[in-house]
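The structure appears right after this line, and notes come after that.
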Amino acid sequence: MNIPQDLLYTKTHEWVKIEGNKVKVGITDFAQHEITDVVHVELPEVGRDVKKEQPAAVIESVKSAFDIYAPVSGKIIETNNKVLGSPELVNNSPYEEGYLFAIEFSNEKELGDLLKADDYKKLI
């Protein structure tokens, strides 16, 4: 299981990469293995306000549909439209090409609630 040390994680299996005042978000390698073959992705609209731990996107696989939760509150400032046409990127490259969206966070303190790699590893 690939769990990069430089990322933060949620208990609902999203990864978070802090880049200044924004975070990039995707699903973990563990999550994409559990979901199996991703066939469709619904991304949030750029400009939409999201609240921490509220659904922000949806990933559909051959198994089912899964909500993807905002790890922090803020505004969606970017979406990865590549995954709309190639949803398999979520499976093939969950930490790079298969990321989902970026949030300009509104409350930096919420970052403290995220899990470090070792804590996420214990969770799974």
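General remarks:
- Cα radius of gyration and Dmax for the chain (Å): 13.1, 37
- The packing ranking, built from the mean of other Cβ atoms within 10 Å per residue, places the peptides 47-56, 108-117 in the order 47-56, 108-117, highest first.
- Accessible-area composition of the range 56-124, carbon plus sulfur, in percent [1.4 Å probe]: 44 percent
- Gyration tensor verdict on the range 5-54 (Cα atoms; rounded if a/c is under 1.5, prolate if a/b is larger than b/c, oblate otherwise): oblate
- Exceeding the 24 Å Cα-Cα cut-off - candidates K17/K63; K11/K51; K24/K109; K11/K75: K17/K63
- Note on the range 8-109: with charges restricted to the Cβ of Lys and Arg (+1) and Asp and Glu (-1), its dipole about the Cα centre is near 340 debye.
- Computed extension length for L123-E78: 13.3 nm, one decimal, from 0.36 nm per residue of separation with the Cα-Cα distance subtracted.
- Per residue value of the accessible surface for the chain (all protein chains in place, 1.4 Å probe), Å²: 53 Å²
- Look at where the Cα atoms of the range 1-28 and of the range 37-85 average out, and the two centres are 14 Å apart.
- Distance between modelled label sites at I18 and N92, nm, 7 Å Cα→Cβ extension: 3.3 nm
- Between H33 and S106, the FRET efficiency from the beta-carbon distance, with R0 = 35 Å, is close to 0.65.
The values are calculated or read from the model by the stated rules, or taken from the named source; none is laboratory data. Fair warning: this is a prediction, and the values are worked out from it, not measured in the lab. Positions of Cβ are generated from backbone atoms using ideal geometry, with glycine treated the same way; all protein chains shown enter the neighbour counts. Ligands, DNA and RNA are excluded from the accessible area calculation, which covers all protein heavy atoms including side chains. Shrake-Rupley method; radii C 1.70, N 1.55, O 1.52, S 1.80 Å.
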